[in-house]
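The values are calculated or read from the model by the stated rules, or taken from the named source; none is laboratory data. Since the model is a prediction, treat every value here as computed from it, not as a measurement. Here Cβ is always computed from backbone atoms with ideal geometry, including for glycine, and neighbour counts include all displayed protein chains. For accessibility, only protein heavy atoms count, side chains too; no ligands or nucleic acids. Shrake-Rupley method; radii C 1.70, N 1.55, O 1.52, S 1.80 Å.
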Amino acid sequence: LERLIRLIAKAKRADVLAPVTVVVPTQYAGLSLRRDLASGQGLVNVRFMVPARLAEFLGSPTLAERGKAPLSPLTEQETIRSLAGQLAGDGPLGPVAQHPRLHSSLLSTFRDLDKLSIDELSSLEAADPLRSQMVGWYRAFQERLGGYYGPEELAWAAAEAVRDGKAASALRDLGLVIFHLTRAPSPGEAGLVSALGGTGRCAMI
């Protein structure tokens, strides 16, 4: 907390109204941190957001230009269910392909698979019949949802926008971006942190 206070003060040394953005692990952490910081000298033009919101702020315009829309959990679940019929009775997952509990589990699994590289995904697919079928289901899922983007693609798009200068106006609104005790980043989030670090507008605690 003391380190955060010093970083905010340094960012506002020349202008008390200079923007600062603190990236926190959860919304509740942001509320608690805001209260702790405001109990001292108060806060002016300091905002708090989770990593996903930061990625959306920086990356969603780029994906919108490509004609992509944000992917909702409802759309994910419906797509998984619609693909289940193609696998019913086939392979290790065939006997339970229509089970709602499997669909809920796959929703979380597919989000994890989003974070793998092409080579990592291929290695997983070659591991055994169960993983092969799961990756095949995931690939069909991705193909069906080609017009949508999820959290990982959004994070990569945000990193690209920062590096290419497309997010310059958004970065001016954010000011110094301070990552405060955030969880271990996904590959896309790590790419965004790296891109922000390259602009000199980033600090991490």
### Those residues of the range 62-88 which are surrounded by fewer than 17 Cβ atoms within 10 Å (Cβ to Cβ) and within 30 Å of L4 (Cβ to Cβ), in sequence order
none
### Query
In this structure, is L124 open to solvent by 40 Å² or more (accessible area, probe 1.4 Å) and in a loop (DSSP other than H, G, I, E, B)?
no
#### Entry: Residue satisfying all of: in the range 67-116; among the hydrophobic types (A, V, I, L, M, F, W, C) and over 18 Å from Y148 (Cβ atoms); modelled with the highest pLDDT among these
L116
### Message
I'm trying to understand the selection: among the residues of the range 171-205, which are out of contact with any helix residue (DSSP H, G or I) (no Cβ under 9 Å at 6 or more places or on another chain) and either closer than 16 Å to E56 by Cα or touching a residue at least 40 places away in the same chain (Cβ under 8 Å) (or both)?
### Response
R172
### Message
From the list A155, A168, A140, exactly one residue is in contact (Cβ under 8 Å) with a residue 24 or more places away in the chain and within 30 Å of R47 (Cβ to Cβ). Which is it?
### Response
A155
### Message
So in the range 89-104, with the set limited to residues that are in a helix (DSSP H, G or I) and either open to solvent by less than 60 Å² (accessible area, probe 1.4 Å) or touching a Cys at 6+ places or on another chain (Cβ under 7 Å) (or both), which one is farthest from E152 (Cα to Cα)?
### Response
G94
### Query
Does any residue of the range 133-153 turn out to be assigned to a helix (DSSP H, G or I), of a type in the set (F, W, Y), modelled with pLDDT of 95 or more and open to solvent by 40 Å² or more (accessible area, probe 1.4 Å)?
no
### Summary
Within the range 8-42, residues crowded, with 18+ Cβ neighbours inside 10 Å and hydrophobic (A, V, I, L, M, F, W, C) come out as I8, A11, V20, V22, V23, V24, L33, L37
### Pairs where the first residue, in the range 19-34, is farther than 16 Å from L176 by Cα and the second is among the polar types (S, T, N, Q), C-beta under 7 Å, 6+ apart
P25/T182
### Task
Scan the range 105-117 for residues that are open to solvent by 40 Å² or more (accessible area, probe 1.4 Å) and closer than 22 Å to E189 by Cβ and report the count.
7
### Query
Can you name the residue in the range 43-61 that is open to solvent by less than 60 Å² (accessible area, probe 1.4 Å) and part of a loop (DSSP other than H, G, I, E, B) and, of all such residues, is farthest from R3 (Cα to Cα)?
V50
